[in-house]
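The structure appears right after this line, and notes come after that.
Laboratory data are not the source of any read-out in this text; all were calculated from the coordinates shown. Just so we're clear, the structure is a prediction, and the values are computed from it rather than from any experiment. Here the Cβ positions follow ideal geometry from the backbone for every residue, glycine too, while neighbour counts run over all protein chains shown.
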Amino acid sequence: MGRIIAIANQKGGVGKTTTAVNLAACLTALEHDTLLIDLDPQGNATQGCGVDKNEISASLYDIMIDDMPVDEALVETSMDGLLLIPSNRDLVGAEVELVEAERREFKLRDQIYPIRDAFEYIIIDCPPSLSLLTLNGLVAADDVIITLQCEYFALEGLSELLNTIILVRDTLNPDLQVNGVLLTMFQHTNLSRQVVEDVRNHLGDKVFETVIPRNVTLGEAPSYGMPIIMYDIKSAGALAYQTLAKELISRG
């Protein structure tokens, strides 16, 4: 049975989409059948995989609102073997339309569960908010990876997200677990080192050993529609995400 992992944080700019795209690509490179789901109306994961969000004929909106079969929305990406369910601004309307829908929190889960056996990993890039879309991602997922930027306010808002995850587990998805916390945008400064130490002291072995550095090529790769291992496989960012993929696999 495929493992469904949501990448989440209600804050923007913390490496969430970068992690979703590059973790999915690295899992694919390690010969694990992987599907990436772009649950963010901004469509950044879609663009980052080399798919033009303005040119797609079907998107996650059609799956969640019109019950389109998932197979009809799957697209190939710039990474050979990595499949994507794309997103665009149409998904903004889904927030409003889902409010009155039956089983509104289960729309994504109900649609992707029938195809989960076709993949070893399904990675969901959640929006940077605790919205109904994010709730759908958490209800559909087996695990959550939380991205935290190595900055002064890294832990701010984390308790709110953890409380949301606990609420989802208690009421909607009893199997949901926090797989790990991933520290991103690390720099070799006293502040970054202090943040890493503080987060590890607070969360212990829930924190991944892998730390993602602040890396110019990680910022450049999406503009070329490529995961980092395609854009510059020898870069520090590429090496870090390859290490993360292996650590995730080793966690079982």
- Query: Separation between the GLU55 and VAL99 pseudo-spin-labels, each 7 Å from Cα along Cα→Cβ, expressed in nm?
  - Reply: 3.6
- Query: What is the local net charge at TYR121, summed over the other residues whose Cβ is closer than 11 Å to its Cβ (Lys, Arg +1; Asp, Glu -1)?
  - Reply: -2
- Residues of segment 68-112 with amide N under 19 Å of a point placed 7 Å along Cα→Cβ from MET1: 106-112
- Message: Cut-off under 19 Å on the C-alpha distance; same-chain residues fewer than 8 positions from LYS16 excluded. Which lysines are left, in chain and number order?
- Response: LYS53, LYS206, LYS246
- In debye, nearest 20, what is the charge dipole magnitude of the chain about its Cα centre with +1 on Lys and Arg Cβ and -1 on Asp and Glu Cβ, if you could check? 900
- Go through segment 166-172 residue by residue and turn each phi into a ³J(HN,Hα) via Karplus (6.51, -1.76, 1.60, θ = phi - 60°); whole Hz please, and just put x for glycine and proline. 5, 4, 4, 5, 6, 10, 10
- Answer with one residue from ASN201, VAL178, LEU135: the one whose Cα lies farthest towards the positive end of the charge dipole of segment 132-221, charges on Cβ with Lys, Arg +1 and Asp, Glu -1. ASN201
- Expressed in nm to one decimal, what extension gain is obtained for the pair GLU156 and ILE233 from 0.36 nm per residue of sequence separation less their Cα-Cα distance? 24.4 nm
- Task: Enumerate the calculated ³J(HN,Hα) couplings along segment 239-252 in order (Karplus 6.51 cos²θ - 1.76 cosθ + 1.60, θ = phi - 60°), each rounded to whole Hz, writing x wherever the residue is Gly or Pro.
- Result: 4, 5, 6, 5, 5, 4, 4, 5, 5, 4, 4, 5, 6, x
- Task: Please work out how much length the chain gains when fully extended from LYS206 to ASP170, using 0.36 nm per residue of separation minus the C-alpha to C-alpha distance, in nm with one decimal.
- Result: 11.0 nm
- When the Karplus curve 6.51 cos²θ - 1.76 cosθ + 1.60 is applied with θ = phi - 60°, which whole-Hz ³J(HN,Hα) does each residue of segment 192-201 get, with x for Gly and Pro? 4, 5, 5, 4, 4, 5, 5, 5, 5, 5
- Item | R0 of 35 Å, Cβ-Cβ distance ASP198-VAL92: FRET efficiency to nearest 0.05 | 0.45
- Task: Select one label from [x] 12.2; [y] 16.1; [z] 15.3: the one whose number is mean projected area of the Cα convex hull in nm² as derived from the coordinates shown.
- Result: [x]
- Item | DSSP beta bridges in segment 3-250 [antiparallel fraction, %, rounded to 5] | 5
- Message: For a quick check: with amide H placed at 1.01 Å from N, whose amide H comes under 5 Å from ARG3's, ignoring anything fewer than 5 positions away on the same chain?
- Response: TYR121, ILE122
- Query: Which GluC sites (Glu not before Pro) does segment 91-164 hold that lie in a coil by DSSP with at most 11 other beta carbons within 10 Å?
  - Reply: GLU100, GLU102, GLU156
